[in-house]
Amino acid sequence: MYLCYNVSMDIQKKKSLSAKLLLLFTTIIWGSTFVVLKDTLDSLPMYFILTVRFLIGGIIVGCMAPKRWKGFTPDMLWRAGLTGIVLAGAYITQTIGLNHTTPGNNAFLTATYAVMVPFMMWAVTKKAPTVFNIIAAILGIVGIGLVSFDGGFGSFNFMGEGMTLVCSVFFALQILFIAVFGKGKDSIVFTSIQLVTAGLIMMIIYLATEVHQPISIDFDSGWRLAYLTIMGTSFALFAMTWGMAHTEASSASLIMSLESVFGVIFSIAIYKEKLTLQVGIGFLVIFVALIISEYINELYLSGKLKLPLKKHKK
């Protein structure tokens, strides 16, 4: 029995390690998509890219586990569909923002959704944010100010930094919707419906606004579009779902927060983005806020981290 227990523990440890490595790989992929999408926008219409990415991506996710569709219900359709509408809003505003700011700014400002989630959940669960949520929110605001107003208040670009911040609100709402509407639902089916819904919205906008624009897909734009669809959407979502199911929430959240860091690394290495001291400090402050919100707070909630209590004199 002792041998069986050790074998079981070894298998769990190997699964946990594999999950962490897979999550890390996923964050690298998502970090790279900021630069890849920025380059793709130079050659293909925005809503055409988003249509292909989410419509085909959703179909691929749905085909990953065809037997799961036996549990499909009309109730799941409207729940996942509504979440897909919010997801569409997130990516539309994020892509507009990316068109008017750097991939690094877009990556870090998008990541601030993690700081917003506890406050949105408060309205649903009636569970007040912790002291670490509040600290993270304050640091997040400071970091956003440093990044958005580099060079003074006149440097703020609503179509760039502004739309990116709007997208972070949409992403926070998406997580809220998944938590509320996706509870007890099959994750593969729910994700597939969500992505296809977003893709259909993108297609409607494309047909209404961009259909007259010529589409010429060469090798460069073709592989970027395939990368965004297959790796940046289908594989990444599947890997995140599996990875988060086989590792601790605190470890998963810490690894996932590295997405914005990899976004800046790729932006500097490929896009040749140059950081000013103020923006660099802003990125650092936002990253600290993410660590506090996603990792430190998780340790506190799990009881692994306790706040020091003042001893009162009798």
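The values are calculated or read from the model by the stated rules, or taken from the named source; none is laboratory data. Owing to the predicted nature of the structure, the values given are computational and were not obtained by experimental measurement. With ideal geometry, Cβ positions are generated from the backbone for all residues, glycine too; neighbour counts draw on all protein chains shown.
Inside the stretch 62-81, can you point out the residues that are part of a helix (DSSP H, G or I) and surrounded by fewer than 15 Cβ atoms within 10 Å (Cβ to Cβ)?
CYS63, PRO66, LYS67, TRP69, LYS70, GLY71, PRO74, ASP75, LEU77, TRP78
Check off (1) under 18 Å from LEU165 (Cβ atoms); (2) buried (at least 21 other Cβ atoms within 10 Å of the Cβ) for GLN278 and give me the number that stays unchecked.
(2)
So, of the residues in the stretch 95-133 that are surrounded by fewer than 16 Cβ atoms within 10 Å (Cβ to Cβ) and not polar (S, T, N, Q), which turns out to be nearest to LEU307 (Cα to Cα)?
So, considering only residues that are surrounded by fewer than 16 Cβ atoms within 10 Å (Cβ to Cβ) and not polar (S, T, N, Q), the one nearest to LEU307 (Cα to Cα) is VAL131.
Restricting the search to the stretch 186-211, which residues are out of contact with any Gly (no Cβ under 9 Å at 6 or more places or on another chain), of a type outside the set (Val, Ile, Thr) and assigned to a helix (DSSP H, G or I)?
SER187, MET202, MET203, TYR206, LEU207, ALA208
Would a scan of the stretch 212-227 turn up a residue that is under 16 Å from the mean Cα position of the chain (by Cα), in a helix (DSSP H, G or I), surrounded by fewer than 20 Cβ atoms within 10 Å (Cβ to Cβ) and hydroxyl-bearing (Ser, Thr, Tyr)?
no
Taking the residues in the stretch 143-164 that are among the hydrophobic types (A, V, I, L, M, F, W, C) and surrounded by fewer than 18 Cβ atoms within 10 Å (Cβ to Cβ) as candidates, determine which candidate is modelled with the lowest pLDDT.
PHE153
For the stretch 170-188, give me each residue that is modelled with pLDDT of 90 or more and more than 20 Å from LYS127 (Cβ to Cβ).
PHE170, PHE171 - these are the residues of the stretch 170-188 that are modelled with pLDDT of 90 or more and more than 20 Å from LYS127 (Cβ to Cβ).
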